[in-house]
Amino acid sequence: DKTGVAVNYSNIGMIYAIEGEEDKALASYRKSLQLHASMNDDRGLGDACLKIGGAFMNMENYDSALYYVRRGIYHAQKAGDNRTAITGLINLGNVFEDCNLPDSARAYYQLALHMQEGIHNDEGIAMAQKDLGAFFVHQKDYNNGILYCDSAFRLSSTLGFAKLQLGSCECLAIAYDAINQPARALYFYKMADTLRDSLSSVEKTKALNR
């Protein structure tokens, strides 16, 4: 079963990536890519290319990251896999932001949000809003950062996505701190601490039940 083996290589790569062993992660992702290529599986190729691009990004090899992320978007679009294609757009935004090309980064983050809205993916909308808000905070455009992160926080709270809530809270705390609104900053710092503790407790419970 080539598909199953390809998925296993991908999963092994993710474990290596979590452990910070990017070279081993990259080797596993390449094996997954080769198997998907042998089956002409565009959906699998899209996912594998994005994972390889992410590994190169973590290694700060941005030229290779761009090549594989763009290749991943191509295969995902060919397969009609909009969600993977959108993830690729966000990854392009990340690469361009790391390369200090904010105009290009913003364009890809905004395109990702527009596409998430087009397919009515609420979780994806919240994630894209958080990414765009975090981008604005990094650029010290705190008003736009607050605008998008607040939307992300409200939507992720409604949906019950604690990790997205946490990311939004952290950005909101930084932004309110920067514009000298200490009461609002403190509120979101405390909210972030609560969410962090809750997520940690959930992970510990999962570990005990394994």
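The values are calculated or read from the model by the stated rules, or taken from the named source; none is laboratory data. Remember, predicted model here, so these are calculated numbers, not experimental data. So basically every Cβ, Gly included, is an ideal-geometry build from the backbone, and we count neighbours across all protein chains shown. What goes into the accessible areas is simple: the full protein's heavy atoms, side chains included, and nothing from ligands, DNA or RNA. Shrake-Rupley method; radii C 1.70, N 1.55, O 1.52, S 1.80 Å.
Overview of results
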| item | result |
| --- | --- |
| Cβ-Cβ under 9 Å pairs, at least 6 apart or on other chains, the range 1-15 side hydrophobic (A, V, I, L, M, F, W, C), far side outside any helix (DSSP H, G or I) | A6/M39; A6/D41; I15/E21 |
| Any hit, the range 125-135, residues being closer than 16 Å to A185 by Cα, within 14 Å of the chain's Cα centre (by Cα) and not acidic (D, E) | yes |
| Residues satisfying the stated conditions in the range 52-68, i.e. surrounded by fewer than 15 Cβ atoms within 10 Å (Cβ to Cβ) and part of a helix (DSSP H, G or I) | N58, D63 |
| Which listed residue, of K206, K130, is assigned to a helix (DSSP H, G or I), touching a Gly at 6+ places or on another chain (Cβ under 8 Å), among the basic types (K, R) and free of Cβ contacts under 8 Å to residues at least 60 places away in the same chain | K130 |
| Conditions (1) outside any helix (DSSP H, G or I); (2) open to solvent by 60 Å² or more (accessible area, probe 1.4 Å); (3) of a type outside the set (V, I, T); number of the one not met by G20 | (2) |
| Filter result for G145 (free of Cβ contacts under 8 Å to residues at least 40 places away in the same chain, in a helix (DSSP H, G or I) and surrounded by 22 or more Cβ atoms within 10 Å (Cβ to Cβ)) | yes |
| Residue list for the range 30-51, restricted to those being of a type in the set (A, V, I, L, M, F, W, C), free of Cβ contacts under 8 Å to residues at least 40 places away in the same chain and part of a helix (DSSP H, G or I) | L33, L35, A37, L45, C49 |
| Cross-chain or 6+ apart pairs with Cβ under 6 Å, the range 77-97 first and assigned to a helix (DSSP H, G or I), then among the β-branched types (V, I, T) and open to solvent by 30 Å² or more (accessible area, probe 1.4 Å) | N82/I119 |
